[in-house]
Amino acid sequence: MHDYEVVSSERAFTGRVVSVRSDDVSMPDGATSRRDVVEHPGAVGVVALRGEGEQAEVLLVNQYRHPVGRRLDELPAGLLDVQHESALLAAQRELAEEAGLEAGTWQVLVDLLTSPGMTDEAIRVYLARDVRPCVRPVQEHEEVELTSSWVRLSDAVRAVLAGQIENAVCVVGLLAAAEASRSGFARLRPPSAPWFSRPQAGPAS
């Protein structure tokens, strides 16, 4: 197969969270083509469940998202923006910050490349069970108005299929959790499972 060599590269933009670089890449027909890449630090999301079977409930948060100009139902989630912090610790931190919860059981639910045609953004979604309240840090920015609620997992899946839940990570996490629950979560990976697509190859656990 062709080796898509980067012939030249330049930094086009550097922002608070993302950066953009422009690569000239060799193509199989001998030409080169420019590819703009959004560099992202990666993120984690958490499907927090309580209860079992048909009575299982999932925690959803609701917050304002400026790029789309409205509030969205989502999973607790956040950036991998703390130096040397593992993905698991980041997920535990986000669950505490956004929901005031901690969990006794953690598993990897699913790994995502959100839009590999334009960005290296990778997200690991964890399943958190045996949840209990914990001290919640002080909120800031949009999170000041963040709300959370427990919703029956089956109802959340129906909301996905009805187009009422649109956040991509939330959609994938809910559908994956519903499927995994059918086998009692037996096929899920441990929280220390390798995560090869994580930007900058940070630690998984």
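The values are calculated or read from the model by the stated rules, or taken from the named source; none is laboratory data. Worth saying up front: this structure is predicted, and the values here are computed from it rather than measured. As a convention, Cβ positions derive from the backbone with ideal geometry for all residues, glycine included, and neighbour counts pool all protein chains shown.
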Tabulated pairs, the range 168-183, first touching a residue at least 12 places away in the same chain (Cβ under 8 Å), second basic (Lys, Arg) and surrounded by 21 or more Cβ atoms within 10 Å (Cβ to Cβ), C-beta under 9 angstrom, 6+ apart or interchain: none
Hey, does the range 117-124 have a residue that's touching a Pro at 6+ places or on another chain (Cβ under 6 Å) and either surrounded by fewer than 19 Cβ atoms within 10 Å (Cβ to Cβ) or not small (Gly, Ala, Ser) (or both)? yes
Kindly evaluate Ala162 against the criterion of being in the same structural domain as Val58 (by TED's automatic domain parsing), without any contact (Cβ under 8 Å) to a residue 60 or more places away in the chain, in contact with a Pro (Cβ under 9 Å, 6 or more places away or on another chain) and farther than 15 Å from Asn62 by Cα. no
Give Ser183, Ser192 a once-over and let me know the one that is in the same structural domain as Arg70 (by TED's automatic domain parsing), surrounded by 12 or more Cβ atoms within 10 Å (Cβ to Cβ) and hydroxyl-bearing (Ser, Thr, Tyr). Ser192
Could you count how many residues in the range 150-173 are of a type outside the set (A, V, I, L, M, F, W, C), surrounded by fewer than 18 Cβ atoms within 10 Å (Cβ to Cβ) and under 16 Å from Arg50 (Cβ atoms)? 3
Conditions (1) surrounded by fewer than 16 Cβ atoms within 10 Å (Cβ to Cβ); (2) closer than 26 Å to Ser183 by Cα; (3) hydrophobic (A, V, I, L, M, F, W, C) -> Leu109 fails only (1)
As an exercise: evaluate Gly45 against (1) out of contact with any Ser or Thr (no Cβ under 9 Å at 6 or more places or on another chain); (2) touching a residue at least 40 places away in the same chain (Cβ under 8 Å); (3) closer than 28 Å to Glu10 by Cα and give the number of the one condition it does not meet. (3)
Residues of the range 39-86 being surrounded by 18 or more Cβ atoms within 10 Å (Cβ to Cβ) and of a type in the set (Val, Ile, Thr), which ones? Val44, Val46, Val47, Val58, Val61
Could you please let me know if Glu179 is among the acidic types (Asp, Glu) and in contact with an Asp or Glu (Cβ under 9 Å, 6 or more places away or on another chain)? no
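Okay, residues lined up against (1) in contact with a strand residue (DSSP E or B) (Cβ under 8 Å, 6 or more places away or on another chain); (2) in contact (Cβ under 8 Å) with a residue 12 or more places away in the chain; (3) of a type outside the set (Lys, Arg):
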residue: His2; (1), (2), (3): yes, yes, yes
residue: Glu10; (1), (2), (3): yes, yes, yes
residue: Ser19; (1), (2), (3): yes, yes, yes
residue: Asp23; (1), (2), (3): yes, yes, yes
residue: Gly30; (1), (2), (3): no, no, yes
residue: Arg35; (1), (2), (3): yes, yes, no
residue: Val38; (1), (2), (3): yes, yes, yes
